[in-house]
1. Within the stretch 225-234, is there a residue that is over 21 Å from PRO96 (Cβ atoms) and either in contact (Cβ under 8 Å) with a residue 60 or more places away in the chain or part of a loop (DSSP other than H, G, I, E, B) (or both)?
2. Among what's in the stretch 95-109 and is modelled with pLDDT under 95 and farther than 15 Å from GLY154 by Cβ, pick the residue that is surrounded by the most Cβ atoms within 10 Å (Cβ to Cβ).
3. Quick one: count up the residues across the stretch 200-224 that are crowded, with 17+ Cβ neighbours inside 10 Å and either assigned to a loop (DSSP other than H, G, I, E, B) or of a type in the set (Asp, Glu) (or both).
4. Grab the helices (runs of 4 or more DSSP H) fully contained in the stretch 81-154, keeping just those with 3 or more residues being touching a residue at least 12 places away in the same chain (Cβ under 8 Å).
5. Among the residues of the stretch 1-10, is any of a type in the set (Ser, Thr, Tyr), within 17 Å of SER232 (Cα to Cα) and in contact with a strand residue (DSSP E or B) (Cβ under 6 Å, 6 or more places away or on another chain)?
6. Of all residues in the stretch 18-50 being surrounded by fewer than 20 Cβ atoms within 10 Å (Cβ to Cβ), polar (S, T, N, Q) and touching a residue at least 24 places away in the same chain (Cβ under 8 Å), which is nearest to HIS179 (Cα to Cα)?
7. So which residues in the stretch 235-264 are among the hydroxyl-bearing types (Ser, Thr, Tyr), within 22 Å of SER170 (Cβ to Cβ) and assigned to a loop (DSSP other than H, G, I, E, B)?
8. Please list, ordered by first then second residue, the pairs with beta carbon atoms under 6 Å, 6 or more apart or interchain, first in the stretch 247-263 and on the phi > 0 side of the Ramachandran plot, second at pLDDT 95 or above and surrounded by 19 or more Cβ atoms within 10 Å (Cβ to Cβ).
Amino acid sequence: MCRLLGYAGRRAEPVATSLGTELFTEFTSLSQLHADGWGMAWQADSEAIHSATSPDSAANDPAYRQLADTALAGSGLVHLRWATDGLDVADGNTHPFVRGELALAHNGSIAPISALQALLRPEFAQGLRGDTDSERYFRFVAQCVADAEDVDSGIIDAVTRLHAQFPNSSLNAIILAPHRLAAVHVNALASGPTDDILALYPDASTAPQGHLDRYFTMAMRADEERVLIASSGIRGAGWEPLPDNTILMVDTETLERELVAVTSSDASSPAHA
């Protein structure tokens, strides 16, 4: 289970500036719980996706703060990892996962992993770095994007098919592609890690915001300069909850947004946001 942050802006600026110093500090503080690694991906202009990952806690890694204070690109994502039970804290399991011009960071657990692996053709199963469900989720998205030859259609197809096969799993993710930032908020039947959080925070009032009752929620904040998307855990005005079982598609050049409903069937319907 993890925390997600995605951003798209009209110009390159540090992600800490995009979110605001106070809120970015609050987001980073969640790495005290989500302490099993961090990662970032960003895309400047038409260049290939760049990324940085570490199995260390973001709160204790100077490289994390250095990147957060650097104007890397107009669009990108940040991930704080809380490893699913049984999966190692290791470089190969750290998000985001990157292949060509596509990157993905995931918050959730898809089981069984063997069923997810079975969806991958050999060319997309080859070269897996780790043993997570999240990396296989990413490879399936990449496979569907390649088949569709269109990023939006491929993402929608992948998420729709996975939601049908794994209806009790959270597919929450931030996906970065050329001129596109997608926020997947598909988790209607997923159960959050409430027992684990209560074991760590016996006084429920000290648990991070939203972690007990809204763990898998995601929200958006947008203005003329940028669009921000985040999972629960940070406060502040102006955040608009993303509807359940939707994908928010953001054009990283124009900041235009489209909200796509995802069902467990093969049907999906777009609505402009």
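The values are calculated or read from the model by the stated rules, or taken from the named source; none is laboratory data. A quick note: this is a predicted structure, and the numbers were derived from the prediction, not measured. Using ideal geometry, Cβ is built from the backbone for each residue, glycine included, and neighbour counts are taken over all protein chains shown.
1. Initially, the stretch 225-234 is screened for residues over 21 Å from PRO96 (Cβ atoms), giving 225.
If we keep only those that are either in contact (Cβ under 8 Å) with a residue 60 or more places away in the chain or part of a loop (DSSP other than H, G, I, E, B) (or both) too, we end up with 225.
Within the stretch 225-234 (the criterion being over 21 Å from PRO96 (Cβ atoms) and either in contact (Cβ under 8 Å) with a residue 60 or more places away in the chain or part of a loop (DSSP other than H, G, I, E, B) (or both)), the answer is yes, since at least one residue qualifies.
2. GLY108
3. 8
4. Working: elements: 113-117, 122-125, 133-148.
Output list reads 113-117, 133-148.
5. Filtering the stretch 1-10 down to residues of a type in the set (Ser, Thr, Tyr) leaves 7.
With within 17 Å of SER232 (Cα to Cα) added as a condition, the list becomes 7.
In the following step, the residues that additionally are in contact with a strand residue (DSSP E or B) (Cβ under 6 Å, 6 or more places away or on another chain) were identified as 7.
Yes, the conditions are met somewhere in the stretch 1-10.
6. Of the residues in the stretch 18-50, the ones surrounded by fewer than 20 Cβ atoms within 10 Å (Cβ to Cβ) are 20-23, 25-26, 29, 32, 35, 44-48, 50.
This time we only want the ones that are polar (S, T, N, Q), so: 21, 25, 29, 32, 46.
Then drop every residue that is not touching a residue at least 24 places away in the same chain (Cβ under 8 Å), which leaves 29, 32, 46.
Details: SER29: 30, GLN32: 33, SER46: 8 Å.
Result: SER46.
7. Within the stretch 235-264, the subset among the hydroxyl-bearing types (Ser, Thr, Tyr) is 246, 252, 254, 263-264.
Among the residues that remain, those that are also within 22 Å of SER170 (Cβ to Cβ) are: 246, 263-264.
Answer for the stretch 235-264, where residues must be among the hydroxyl-bearing types (Ser, Thr, Tyr), within 22 Å of SER170 (Cβ to Cβ) and assigned to a loop (DSSP other than H, G, I, E, B): THR263, SER264.
8. Filtered contacts from the stretch 247-263: LEU255/VAL227.
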